[in-house]
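*Asks:* Here's a structure for you.
Nothing in this text is a laboratory measurement; each read-out follows from the coordinates by a stated rule. Nothing here was measured: the structure is a model prediction, and the numbers come from that model. Using ideal geometry, Cβ is built from the backbone for each residue, glycine included, and neighbour counts are taken over all protein chains shown.
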Amino acid sequence: MNTARLTELILNLGQVIEQNRDYLTDLDRAIGDADHGINMTKGFRAVADKLQAVAPADPAAAMKTVGMTLISTVGGASGPLYGTAFLRAAAAVAGKADLGRDDLLTVVEAALGGIKERGKAELGDKTIVDALQPAAEAIRTGLQSGAPTAEVARRAAAAARKGAEGTKEYAARKGRASYLGERSIGHQDPGATSTTLMLEALASFLEG
Amino acid sequence: MNTARLTELILNLGQVIEQNRDYLTDLDRAIGDADHGINMTKGFRAVADKLQAVAPADPAAAMKTVGMTLISTVGGASGPLYGTAFLRAAAAVAGKADLGRDDLLTVVEAALGGIKERGKAELGDKTIVDALQPAAEAIRTGLQSGAPTAEVARRAAAAARKGAEGTKEYAARKGRASYLGERSIGHQDPGATSTTLMLEALASFLEG
Amino acid sequence: MKKLINNPEVVVEEMLAGLEAAHGNLVRKVSDANVIVRKGSPVAGKVALVSGGGSGHEPAHAGYVGEGMLDAGVAGAVFTSPTPDAVYAAIKAVDSGQGTLLVIKNYTGDIMNFEMAGEMAQADGLQVASVVVNDDVAVENSTWTAGRRGIAGTIFVHKIAGAAAERGDSLEEVKRIAEKVVANVRSMGMALTPCTVPAAGKPNFTLAENEMEIGMGIHGEPGTHRDEIRPAKDVVQHLMGKILPDVPYVKGDEVAVMINGLGGTPLMELYILNQEVRAILEEEGIHTYRTYVGEYMTSLEMAGASITLLKLDPELKGLLDAPANTPAFHQR
Amino acid sequence: MKKLINNPEVVVEEMLAGLEAAHGNLVRKVSDANVIVRKGSPVAGKVALVSGGGSGHEPAHAGYVGEGMLDAGVAGAVFTSPTPDAVYAAIKAVDSGQGTLLVIKNYTGDIMNFEMAGEMAQADGLQVASVVVNDDVAVENSTWTAGRRGIAGTIFVHKIAGAAAERGDSLEEVKRIAEKVVANVRSMGMALTPCTVPAAGKPNFTLAENEMEIGMGIHGEPGTHRDEIRPAKDVVQHLMGKILPDVPYVKGDEVAVMINGLGGTPLMELYILNQEVRAILEEEGIHTYRTYVGEYMTSLEMAGASITLLKLDPELKGLLDAPANTPAFHQR
Ligand SMILES: Nc1ncnc2c1ncn2[C@@H]1O[C@H](COP(=O)(O)OP(=O)(O)O)[C@@H](O)[C@H]1O
Ligand SMILES: Nc1ncnc2c1ncn2[C@@H]1O[C@H](COP(=O)(O)OP(=O)(O)O)[C@@H](O)[C@H]1O
Ligand SMILES: [Mg+2]
Ligand SMILES: [Mg+2]
Ligand SMILES: [Mg+2]
Ligand SMILES: [Mg+2]
């Protein structure tokens, strides 16, 4: 995947987020402060403007632009988390002109590492991690199994969705929803859901 | 009418006001500040307590108690107006042990004079005056015609009601409703209505 | 009715108790009357300033009792003028022999009750003068009606006449200055929602989800008209369009501005209004000397705001700048 | 959505413009960032205090910028922590070389964004320390969760650490004092109505006409439970029942009290709550040293209130008494 394709993909992620703005916000209304869709949409709009303005030189530069822009425009919890994720992903593939099949894992694992480090959440805390970590595992096993990259991405998206839906089963231990204690049970985590939506968009993009 | 009967009448007026608390307040909601029934009920409750406590010596003392109590508990526009009315009525029959047929006119005219002096309203300004002045006139002509006192009171109440209902036809020029200008047209004046209710209670009392 | 109260019948008494508990260093309550007076009243050698009105407009008026403003604030029932007895009790508690100025908002009830109290005090040999504030341009001015209402502009009377009294001006002089403020102050407000008088239990009017009331009174008296909700800029333009030509306020004038919240409108929105007001004043070449943004004269939980302009001259500027130290108004 | 705004996308920018217009004598806005700093910043020789958070809590935090309190207030989008860039811009604008203390409310987003900003400033060679306020006893305290939220108690940190910085204390010392306040301050709130984030356009939760939410967060985070609306006395008893045993506050203690309105609750009701709080404190033998009643940390137009207690010692008393002069907090 070259810089142009990656840029196209990123714009795509932004569109999917924007289409789900109200859905994500409603999820956050139940157990948070009703702004996750608003925050993410704002961030990805700024990303689209920025990518247009800077025309990044390579994939790492594109992802760094995404990370910096999310950090400097979103605020809240999701801004630094997703921002850090993209910055780490960028660092992990620095200097490459084209991203190959194996870079999928590199990028997603780096993103996951960044989020865990920044947010200190573990699997089962009802956060982004609960979608992204199973997705990373699905990518690892998928790549090993020799399945086509698009197919691997689809499995990752499915694993993320399963993880996100699974967040309904337990109480939050990180982020704003943790204030609710047991009352957060029954509700799906907004951040895990936005991660899932982005991975689904990635799968469709690789398929399409 | 001796002091005991007059006291009974006054308690009666208070009950009628209290029964019409919400109605008077609703009239005031349309063109004022939604408190006329509340104000008057509060005042007459205090009057009932006070009359019980002081046991007035004569009719003038009873009416003076009403006036002082209304002034010191009601506030707003209606407190000083009705309060002054009762004080003037008391002064007009000072020293009498019993009120006779002609005292009806004396009392009502004194009350009217007090209200006009205190509030500076004239007929047609959409105030208490628009009920009380026709009532006073009806009493004058009724007494002259030789009709029984109860019948005279009934005619006065009817004249007051006609006056109160007539307030719907024109705009207020005094009191809070005057801020509305033409928008007060179509609404019946709360104060003219409370005056009417009291005169109707008087008529029933004299009949019953 | 969603209210944090115990019993509608005693809201005023309980409020004053809570106020005295909070601000006992500045004020005290007069026993047996709903009157808050400056601590240490009467202040020897000083003309006393007494104001008041119905409750539900907090911090008006008890919140303005203290150094450099009022000597007493009289609290009537919610939205109901206080009784003459209460006003009389206030005068008696604060008159130091230099006389008392009553600051009355122009409502029939307030006028009558304050006047009766003034007569009672005069009968005791006290010197009493009064000034009537009628800053609300939403109401047509006419000698045939009760005239314009007194609204948030009243706070500027408290501040400026209060400063004059504090520096030792005579009753006559304090009254002259108060009248100068009245002559130069104009306001107009609007509401997005009604409010509920505790004893009434239901809202004093209704507005559709997309409606606002322009020219609203602070007791929920209907305004000049209803309109669809518009952007803050348009709302300010309309209100300023009524206020500016009234004194008039013209190029080269210096003004004090008050953006007053009616109770339910967040400070965020008041600052947005202020920004629009400032833009218009700059365009008109009118200089803003001081700005006050906050809740100064409220209507319980009503959402909405009023704009007040006061035209200043060197005398008024000096008095406006003077220090004040009251529960709701501090300036050094 | 009934709001006096122009456009949900620029409410924060327009609000700050209106605030700067009103209080230009005390504060100024940093260009290109939603940051309000004390006029004349950086103040030579003084440790800087920087706080901030999502907007919609006005007067927090820009309203507390000025002499004796904050050097900068950073305004995020409504209910959204500001970005690291904005916080970094604030630090750069106010650091005088004596170091900066960040006062952070305990929300995941605030913590992360402020920490990232601190790292950026440290990379520039600036000295940065931070303190996290977590006064909300409605939230169970646990090392397994994000922990307790920071709410109105934060204002006491601004006031007291601000006074320490103003008198010239070192960064280490200002931080120690701020942490002492955090250790001794507890709050809890409740709501009668929701509020509407301008960009969302609809209320963040719903409550039936007879319902209230106990333990509500200031961003509309659900509280501990819902209950039928009860008299003010019962509400206060419940909240105090959670707050008192927490530090704990006991017989013989001296406290500062804050009765904080969330935006839509009239001052009248806040004073009624204060009266109930005072009654309980007196019964417990706890002495009230100072009381603050008003809107200090709001949630847009939400109706409701929070109660904050701060246990005092001679050091904290002295600093609490120190003068302050900011748009929303004046004391002499
Ligand atoms: N410590 C954390 N680690 C990972 N993800 C987190 C953490 N805290 C919160 N999140 C994610 O952030 C989401 C909320 O984002 P958002 O609503 O934009 O921010 P805020 O909570 O500041 O309003 C949550 O649904 C959760 O998935
Ligand atoms: N100047 C006046 N003269 C006579 N009656 C008046 C005058 N002003 C007001 N009123 C009467 O007072 C009534 C309102 O009384 P009320 O609602 O109790 O007082 P407020 O207007 O202070 O709330 C009006 O309906 C009107 O009849
Ligand atoms: Mg959120
Ligand atoms: Mg009325
Ligand atoms: Mg009234
Ligand atoms: Mg948020």
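*Asks:* To the nearest 20 debye, what charge dipole does segment C:8-183 have about its Cα centre, counting +1 at the Cβ of each Lys and Arg and -1 at the Cβ of each Asp and Glu?
*Replies:* In debye, rounded to 20, segment C:8-183 gives about 440.
*Asks:* From the alpha carbon gyration tensor of segment B:96-167, can you work out the equivalent ellipsoid semi-axes (sqrt of 5 times each eigenvalue) and give them in Å, largest to smallest?
*Replies:* Semi-axes from the Cα gyration tensor: 22, 15, 8 Å.
*Asks:* Given the options B:GLY146, B:ALA85, B:ALA131, identify the residue whose Cα lies farthest towards the positive end of the charge dipole of chain B (+1 on Cβ of Lys, Arg; -1 on Cβ of Asp, Glu).
*Replies:* It is B:ALA85, whose Cα lies furthest towards the positive end.
*Asks:* Can you pull a Stokes-Einstein diffusion coefficient for segment C:185-320 at 4 °C (1.567 mPa s), Rh from Kirkwood over Cα pairs, as a whole number of µm²/s?
*Replies:* 85
*Asks:* Sticking with this one: Which of the trypsin sites (Lys or Arg not before Pro) found in segment A:28-120 are in a DSSP loop and have at most 11 neighbouring Cβ atoms, other than their own, within 10 Å?
*Replies:* A:ARG101
*Asks:* Given R₀ = 60 Å, FRET efficiency for C:ARG167-A:ASN2 by Cβ-Cβ distance, to 0.05?
*Replies:* E(calc), rounded to 0.05, equals 0.15.
*Asks:* Per 0.36 nm of contour for each residue apart, how much would the distance between D:ASP321 and D:LYS251 grow if the chain were fully extended, relative to their Cα-Cα spacing?
*Replies:* 23.0 nm
*Asks:* Next question. Based on the Kirkwood radius over alpha-carbon pairs, what value in µm²/s does the Stokes-Einstein equation return for the translational diffusion coefficient of segment C:8-183 at 25 °C and 0.890 mPa s?
*Replies:* In µm²/s, the coefficient rounds to 156.
*Asks:* Check which residues have an amide H placed less than 5 Å from D:VAL128's amide H, if you skip close sequence neighbours.
*Replies:* Sorted by chain and number, the residues that satisfy this are D:THR100.
*Asks:* A further question follows. Obtain the radius of gyration and the Kirkwood radius of segment A:1-99 from its C-alpha atoms and give Rg over Rh.
*Replies:* Rg/Rh for segment A:1-99 comes to 1.01.
*Asks:* Could you please tell me the mean projected area of the C-alpha convex hull for chain D, averaged over all directions and given in square nanometres to one decimal?
*Replies:* For chain D, the mean projected area of the Cα convex hull comes to 15.7 nm².
*Asks:* Something else now. If you take every DSSP beta bridge whose two residues both sit in the protein assembly as shown, what share of them, in percent to the nearest 5, is antiparallel?
*Replies:* Looking only at bridges with both residues in the protein assembly as shown, the antiparallel portion is about 55 percent.
*Asks:* Quick one: 3J(HN,Hα) in Hz for segment A:22-31, Karplus 6.51/-1.76/1.60 with θ = phi - 60°, rounded, Gly and Pro as x.
*Replies:* 6, 4, 5, 5, 5, 4, 6, 5, 5, 10
*Asks:* On the principal axes of its Cα set, how long, how wide and how thick is segment C:1-82? Give whole Å, largest value first.
*Replies:* 47, 24, 21
*Asks:* Let me ask another. What number do you get for segment B:3-207 when its Cα radius of gyration is normalised by 2.2 N^0.38 Å, N = residues?
*Replies:* 0.95
*Asks:* Quick one: helix A:103-119 against the long Cα principal axis of chain A, what's the angle to the nearest 10°, folded into 0 to 90?
*Replies:* The two axes meet at around 40 degrees.
*Asks:* Using the Kirkwood radius over Cα pairs, work out the Stokes-Einstein diffusion coefficient for the protein assembly as shown at 37 °C and 0.692 mPa s, in µm²/s as a whole number.
*Replies:* It diffuses with D of about 105 µm²/s by this estimate.
*Asks:* Taking the simple approach of a point 7 Å from Cα along Cα-to-Cβ for both B:LEU123 and D:MET1, what is their distance in nm?
*Replies:* Taking the simple label geometry, B:LEU123 and D:MET1 are separated by 5.8 nm.
*Asks:* For every other residue with a beta carbon closer than 13 angstrom to the beta carbon of B:ARG155, add +1 if it is Lys or Arg and -1 if Asp or Glu, then tell me the sum.
*Replies:* Around B:ARG155, the charge tally is 0.
*Asks:* Roughly how compact is segment D:40-92, stated as its Cα Rg over 2.2 N^0.38 Å to two decimals?
*Replies:* Normalised Cα radius of gyration, segment D:40-92: 1.10.
*Asks:* Specify which residue in the list A:GLY75, A:ALA62, A:LEU24 is farthest towards the positive end of the charge dipole of segment A:21-101, using unit charges on the beta carbon of Lys, Arg (+1) and Asp, Glu (-1), about the Cα centre.
*Replies:* A:ALA62
*Asks:* Another question, if that's okay. Could you calculate, for segment C:153-236, the ratio of the Cα radius of gyration to the Kirkwood radius, expressed as Rg to Rh?
*Replies:* 1.17
*Asks:* Can you tell me the orientation of helix B:3-19 relative to chain B, as the angle in degrees between its alpha-carbon axis and the longest Cα principal axis, to the nearest 10?
*Replies:* On a 0 to 90 degree scale, this one is about 20.
*Asks:* Something else about it: Give me the inter-chain shielding for A:105-114: mean count of other chain Cβ atoms within 10 Å, whole number please.
*Replies:* Mean inter-chain Cβ contacts per residue within 10 Å come to 0.
*Asks:* Now a separate question. So how strong a dipole does chain D carry about its Cα centre when Lys and Arg Cβ are +1 and Asp and Glu Cβ are -1, to the nearest 20 debye?
*Replies:* I would put it at about 440 debye.
*Asks:* Now a separate question. Can you give the calculated 222 nm mean residue ellipticity of the protein assembly as shown, where each DSSP H run of n ≥ 4 adds -39,500 (n - 2.57) and the sum is split over every residue, rounded to the nearest 500 deg cm²/dmol?
*Replies:* It lands at -15000 deg cm²/dmol.
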